[in-house]
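Taking it in order: structure first as structure tokens, then the write-up.
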2 protein chains.
Amino acid sequence: MSTKPALYTSLSPALLNLYDVNTSIVVIIDVLRATSTIATALHNGAKGIIPVDSVDECIRIGKQMGAITAGERDGKVAEGLQYGNSPFEYPESFIAGQTLVLTTTNGTKLLHMALSNGAHQIITGSFANIDAVCEHLIASKKPVLLGCAAWKDRINIEDTLFAGAVIERIKNHFDINCDASKMAMSIYNESEGNLFEYIKTKNITHYQRLASYGLEKDIQHCLTNNTAPVLPVYENGRLIRAKQ
Amino acid sequence: MSTKPALYTSLSPALLNLYDVNTSIVVIIDVLRATSTIATALHNGAKGIIPVDSVDECIRIGKQMGAITAGERDGKVAEGLQYGNSPFEYPESFIAGQTLVLTTTNGTKLLHMALSNGAHQIITGSFANIDAVCEHLIASKKPVLLGCAAWKDRINIEDTLFAGAVIERIKNHFDINCDASKMAMSIYNESEGNLFEYIKTKNITHYQRLASYGLEKDIQHCLTNNTAPVLPVYENGRLIRAKQ
């Protein structure tokens, strides 16, 4: 019998309820671009990031707290908000010491689902902070659910790739009896580490969407390892940088 | 602009509602073992197969019609039913001219979902009848949704493999803007056509389940191409062999 903790992957928010998360660390994965932006903003000194479901709530809480409001709908800055969902919008000179209220199409929704399902701990993951995520998961010795934000519940390749990249790095520490996790590893291994070329060649749906807005530079940045080596952890309604 | 019909893949029944099926042919995929058994029984002369949701309904309709009742729950013959879900239970000597009332854990459930979502046409697919399925999809020139039955809504590799095998064969005839379909092709290509070795090496969840019941022979049979070259199509409450 294995005494390693279990690891599962949920490839869409619509599948999250299939997994018991009460004792698990849930990793929220929204590579293009919410969780990459979250890591970047915290790495650049943001005090905290408040993920909210709706644009209205984002505006309301932003006003109340005097915080920066940001978010996107369908890949563009949402109407009524100040900033978007690009890591490049949050350099240290702008974001240090600030609080960001953020709403995105898929990532913040998934985070709130994990929260209401009673997740033991919620962290966010992206290539920007992949090593910090993996180190935390190995050190914690808890069950893990990798939760892909997907696109309006449709499975996407970029979040699956990240799940696969994490699993490849930590698989010896976990018991993995989960076909979705095995598929994620296959997809990641097929990419042979050339993530940008891979998603460009595959012409994945979100690549088409973002590239059509001129955001290839964002995609490349979001597929680069460890540009923002922090561990965002959800505590008391906000994502903060964990002490490491 | 492409004038080819669209092809999508739903990797779990929990994702089926994301796709509009009103103009689509929905292919129900439950490789281990419902749709393999359906093809085999029809190939061996079954008059029709009535897929039902519950064991109780299976018994009730079986009695009413004097039909054979069959089905499984969790991979075993369901209590109260006469036969199980193995293709080997339905040789010509037994099934020719008979009607089968069938209930399975995942496959019949998905079929009824596609039905209530208003699918234009419902067929079933498995390696046992892969060429018949592909020929029909190409000839029909309609949008296609490949619907994987999965396992209690959790994505599985064997149904994904079949989706990938179909897409590889018909991709030039369809417009495929669907990451799940691209992932399915990747998984299929990774197997290099050695499907049994692939799922054994990956030690996928359903392989473990069936092998523990001594059903390796079933698995091998269900992964063999064109052992039952028929096209099962759903008409008036039953799956029948389409005229080809």
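The values are calculated or read from the model by the stated rules, or taken from the named source; none is laboratory data. Treat the numbers as computed from the prediction; the structure is a model and nothing was measured. So basically every Cβ, Gly included, is an ideal-geometry build from the backbone, and we count neighbours across all protein chains shown.
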If we scan region A:224-243, do we find a residue that is closer than 20 Å to A:Gly164 by Cα, touching a helix residue (DSSP H, G or I) at 6+ places or on another chain (Cβ under 9 Å), part of a helix (DSSP H, G or I) and at pLDDT 90 or above?
-> no
All-but-one check, A:Ser126 against (1) free of Cβ contacts under 8 Å to residues at least 12 places away in the same chain; (2) under 24 Å from A:Thr224 (Cβ atoms), failing number (1)
Taking the residues in region A:69-82 that are within 18 Å of A:Arg238 (Cα to Cα) and touching a helix residue (DSSP H, G or I) at 6+ places or on another chain (Cβ under 7 Å) as candidates, determine which candidate is surrounded by the fewest Cβ atoms within 10 Å (Cβ to Cβ).
-> A:Thr69
Wholly enclosed helices (runs of 4 or more DSSP H) of region B:122-200 bearing at least 3 residues within 14 Å of chain A (Cβ to nearest Cβ) and surrounded by fewer than 22 Cβ atoms within 10 Å (Cβ to Cβ) = B:179-191
Number of positions in region B:84-99 that are farther than 21 Å from B:Asn226 by Cβ and either exposed (fewer than 14 other Cβ atoms within 10 Å of the Cβ) or at pLDDT 95 or above (or both) = 5
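Looking at B:Gly66, is it free of Cβ contacts under 8 Å to residues at least 24 places away in the same chain and not polar (S, T, N, Q)?
Yes, satisfied.
Quick check on my filter: what residues within region A:47-59 are surrounded by fewer than 19 Cβ atoms within 10 Å (Cβ to Cβ) and either within 25 Å of A:Arg241 (Cβ to Cβ) or among the polar types (S, T, N, Q) (or both)? Let's see the steps before the verdict.
Initially, region A:47-59 is screened for residues surrounded by fewer than 19 Cβ atoms within 10 Å (Cβ to Cβ), giving A:47, A:53-57.
Within region A:47-59, A:Lys47, A:Asp53, A:Ser54, A:Glu57 qualify.
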Looking only at region A:146-160, count how many residues are of a type outside the set (Asp, Glu) and within 12 Å of the chain's Cα centre (by Cα).
-> 6
Where residues in region B:201-218 are in a helix (DSSP H, G or I) and within 9 Å of chain A (Cβ to nearest Cβ), which of them is surrounded by the fewest Cβ atoms within 10 Å (Cβ to Cβ)?
-> B:Gln208
Report the residue count in region B:172-210 for those that are free of Cβ contacts under 8 Å to residues at least 24 places away in the same chain and of a type in the set (Lys, Arg).
-> 2
Can you find even one residue in region A:55-63 that is out of contact with any helix residue (DSSP H, G or I) (no Cβ under 8 Å at 6 or more places or on another chain), basic (Lys, Arg) and on the phi < 0 side of the Ramachandran plot?
-> yes
Could you please let me know if A:Ala139 is within 30 Å of B:Ser10 (Cα to Cα) and among the small types (Gly, Ala, Ser)?
-> no
Inspect all residues belonging to region A:218-241 and state whether any of them is over 30 Å from B:Trp151 (Cβ atoms), in contact with a strand residue (DSSP E or B) (Cβ under 6 Å, 6 or more places away or on another chain) and aromatic (Phe, Trp, Tyr).
-> yes
Pairs only if they're at least six apart or on different chains, beta carbon under 8 angstrom, first in region A:211-237 and in contact (Cβ under 8 Å) with a residue 40 or more places away in the chain and closer than 15 Å to A:Ile29 by Cα, second of a type outside the set (Ser, Thr, Tyr) and surrounded by fewer than 12 Cβ atoms within 10 Å (Cβ to Cβ); list them, first residue then second.
-> A:Val230/A:Gln244; A:Leu231/A:Gln244
When region B:41-61 is examined, which residues are found to be of a type in the set (Gly, Ala, Ser) and modelled with pLDDT under 95?
-> B:Ser54
Looking at this structure, is B:Ser126 modelled with pLDDT of 95 or more and under 17 Å from the mean Cα position of the chain (by Cα)?
-> yes
Considering every residue within region A:169-182, establish whether at least one is under 19 Å from A:Pro13 (Cα atoms) and either modelled with pLDDT under 95 or of a type in the set (A, V, I, L, M) (or both).
-> yes
